[in-house]
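A.B. asks: Sharing a structure with you now.
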Amino acid sequence: VNDREMLERRDREDPLAAHRDRFLLADDLIYLDGNSLGPQLRGVHGRLTAASDAWRERLIRGWNDAGWVDLTDRIAARLAPLLGVTPAEVCVTDSTSVDLFQALVAARRLRPDRTTLLIEEGTFPTDRYVAGGVADLTGAEVKSVPRDRLAAAIDDTTAVVLASHVDYRTGHRHDGAAVTAAVHDGGALMVWDLAHSTGAVAVDLGRWRADFAVGCSYKYLNGGPGAPGYLVAAAHLDDPTPAIRGWFGHARTFDFAEDWDPAPGAARFRNGTPPVLSLTALEEALTVWEGVDPASVQAKAEALTNAFVALVDERCGEVEVVSPRDARRRGAQVSLRHPDAYAVMQALIARGVIGDHRPPDLLRFGFPPLTTRFVDVWHAVENFSEILATRAWDTPAFHRRNPVI
Ligand SMILES: Cc1ncc(COP(=O)(O)O)c(C=O)c1O
């Protein structure tokens, strides 16, 4: 049963409930879009103000005495436990798209005799676009196959397999260890896109034996709009070579040496001067994960999404649940299909229930485990069922398109 009292009781018993207080979130806001842009931690504003002061007062000296030069290493150390790797395997830099480019080129170079980059049909557009660019650049070709046919499609031409651990549209979650093992059995290298995974479900790249991974920090990691991405290059890889060899990826950046000498580990994938202001916000945001067990995060994601699916089934019969019904195969996300998904979502947003829309017909709801209350699930479905029953979404204002959906 998922009545309101029951969900309120689950909030009282939830070991992660207290974490929500560390975020700036209005009590009456049902924010189910932390999978697009995570909310702000309370400490972030102060840290950004201090960074601005340090810039003003310390100027160039800030690199040494305000800790700017070590920011990326400190963040890598905070991220590593969430990814199941060591800090030396993590590089925080650039956008996910650039990190993906770097990971794919490096992986392709480690399999020079193989010429196919295998990707998923319907994958996130940047993954498809970047893979196409890398194929052109490295003399390879891209092959797209359905998500459930990846393992079967590997043959002795497959250099690299790129897959989203959690699919951005359906929320389907791969078995990270099983897919990586199948890729290795076929002699290829595995690159994971973790944009919808880290901070939402348990990720254990070390146990999976993954080769590379990329992800972003503005969704479930709450780094702020446009916060930098990260690239994981596993320690078992034999000297991956970055396509972009920048001076910050040099072993001794401030030697200003003539030749490029790669920094040890994933740090070689750094290239230019790090974005201190956004890294400062991210460093503060990651403090919320101290002492949080990824297994408990995943358990809560499963419980929240189970409650949502059950209530939608019960109260909103006309929509189709697109996400897997088995929570073990789902991220912290549930997608529903409705022919007027965009307008329905606008109507929900107008009532303070914020999710998003993915074309052509998906309503997407994210349930970040540190900030979502069980009772939010109740309010979301209550509003949703009313909007559907009254067709409140069917007004010109809700059909008008915003530039960012
Ligand atoms: C699965 C996936 N990969 C990559 C990206 C793009 O990342 P970026 O804009 O940081 O390059 C996103 C953004 O939403 C995403 O959902």
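A.B. asks: To the nearest 10 degrees, how steeply does helix 42-58 sit against the main Cα axis of the chain, on a 0 to 90 scale?
C.D. replies: 40 degrees
A.B. asks: Further, regarding this structure: Could you list which residues have their amide H under 5 Å from that of residue 23, counting only those 5 or more apart in sequence or on another chain, with H placed in the peptide plane?
C.D. replies: HN-HN under 5 Å from residue 23: 42.
A.B. asks: OK, next. Using the Cα centre of the stretch 106-242 as origin and beta-carbon charges of +1 (Lys, Arg) and -1 (Asp, Glu), tell me which of 122, 132, 150 is placed farthest towards the positive end of the dipole.
C.D. replies: Farthest along the dipole direction, towards plus: 122.
A.B. asks: 7 Å from Cα along Cα→Cβ at both residue 252 and residue 60: what's the point-to-point distance in nm?
C.D. replies: Result for the modelled spin labels: 2.1 nm.
A.B. asks: Can you find, among 367, 384, 403, the residue sitting farthest towards the positive end of the charge dipole of the stretch 364-405, where Lys and Arg contribute +1 and Asp and Glu -1 at Cβ?
C.D. replies: After comparing all options, I get 403.
A.B. asks: Give the peptides 330-339, 209-218 in descending order of average Cβ contacts within 10 Å, highest first.
C.D. replies: With the highest mean Cβ count within 10 Å placed first, the list reads 209-218, 330-339.
A.B. asks: Indicate, rounded to the nearest 5 percent, the antiparallel portion of the DSSP beta bridges found entirely in the chain.
C.D. replies: Roughly 55 percent of the DSSP beta bridges within the chain come out antiparallel.
A.B. asks: Starting from the Cα gyration tensor of the stretch 32-101, multiply each eigenvalue by 5, take the square root, and state the resulting semi-axes largest first in whole Å.
C.D. replies: Equivalent-ellipsoid dimensions as semi-axes: 25, 19, 12 Å.
A.B. asks: Report, in debye and to the nearest 20, how large the dipole of the stretch 18-135 comes out about its Cα centre when Lys and Arg carry +1 and Asp and Glu carry -1 on their Cβ.
C.D. replies: Dipole magnitude for the stretch 18-135 comes out near 320 debye.
A.B. asks: Right, another one. Determine the distance separating the Cα centre of the stretch 131-198 from the Cα centre of the stretch 36-99; give it in Å without decimals.
C.D. replies: 29 Å
A.B. asks: Picking from 90, 49, 36, whose Cα lies most toward the positive end of the charge dipole for the stretch 2-126 (charges on Cβ: Lys, Arg +1; Asp, Glu -1)?
C.D. replies: Farthest towards the positive pole: 90.
A.B. asks: For the chain, what is the mean residue ellipticity at 222 nm derived from helices alone (per DSSP H run of n ≥ 4: -39500 (n - 2.57); sum divided by total residues; nearest 500 deg cm²/dmol)?
C.D. replies: -11500 deg cm²/dmol
A.B. asks: For the stretch 392-404, take each phi angle, set θ = phi - 60°, evaluate the Karplus expression 6.51 cos²θ - 1.76 cosθ + 1.60, and give the result in whole Hz per residue in order, putting x for glycine and proline.
C.D. replies: So the J values, rounded to whole Hz, are 4, 6, 8, 10, x, 4, 7, 8, 6, 7, 8, x, 10.
A.B. asks: Here's another thing I want to ask about it. Taking a temperature of 20 °C and a viscosity of 1.002 mPa s, what whole-number D in µm²/s does Stokes-Einstein yield for the chain with Rh from Kirkwood over alpha carbon pairs?
C.D. replies: 97 µm²/s
A.B. asks: On to the next question. Report the Rg/Rh value for the stretch 267-405, based on alpha-carbon coordinates and the Kirkwood definition of Rh.
C.D. replies: 1.06
A.B. asks: Give me the extension gain from residue 287 to residue 314: residue separation times 0.36 nm, minus the current Cα-Cα distance, reported in nm with one decimal.
C.D. replies: The residue 287-residue 314 span can extend by a further 5.9 nm.
A.B. asks: Okay, next question. Which whole-number value in Å³ per residue fits the convex hull of the alpha carbons of the stretch 312-388?
C.D. replies: 91 Å³
A.B. asks: Quick check on packing: order 250-257, 376-383 by the mean number of other C-beta atoms within 10 Å, highest mean leading.
C.D. replies: Per-residue Cβ counts within 10 Å, averaged per peptide and sorted highest first, yield 376-383, 250-257.
A.B. asks: Another question, then. For the stretch 72-175, what is one quarter of the convex hull surface built on the Cα atoms, given in nm²?
C.D. replies: Orientation-averaged projected area of the Cα hull: 7.1 nm².
A.B. asks: Rounded to the nearest 20 debye, what is the charge dipole size of the chain about its Cα centre when +1 sits on each Lys and Arg Cβ and -1 on each Asp and Glu Cβ?
C.D. replies: Computed charge dipole of the chain: roughly 340 debye.
A.B. asks: Would you mind working out the magnitude of the charge dipole of the stretch 1-76 relative to its Cα centre, with +1 at each Lys and Arg C-beta and -1 at each Asp and Glu C-beta, to the nearest 20 Debye?
C.D. replies: The dipole magnitude comes to about 360 debye.
A.B. asks: Sticking with this structure for a sec: Given the Cα-Cα distance of residue 209 and residue 382 and 0.36 nm per residue of separation, how much length would full extension add, in nm?
C.D. replies: Taking 0.36 nm per residue and subtracting the Cα distance, the gain is 58.0 nm.
A.B. asks: Using the Kirkwood radius built from alpha carbon pairs, what does the Stokes-Einstein equation give as D for the stretch 281-337 at 37 °C and 0.692 mPa s, in µm² per second?
C.D. replies: Answer, rounded: 254 µm²/s.
Just so you know, all these numbers are worked out from the coordinates, no wet-lab data involved. Note that the structure is predicted; figures quoted are calculated from it, not measured. So basically every Cβ, Gly included, is an ideal-geometry build from the backbone, and we count neighbours across all protein chains shown.
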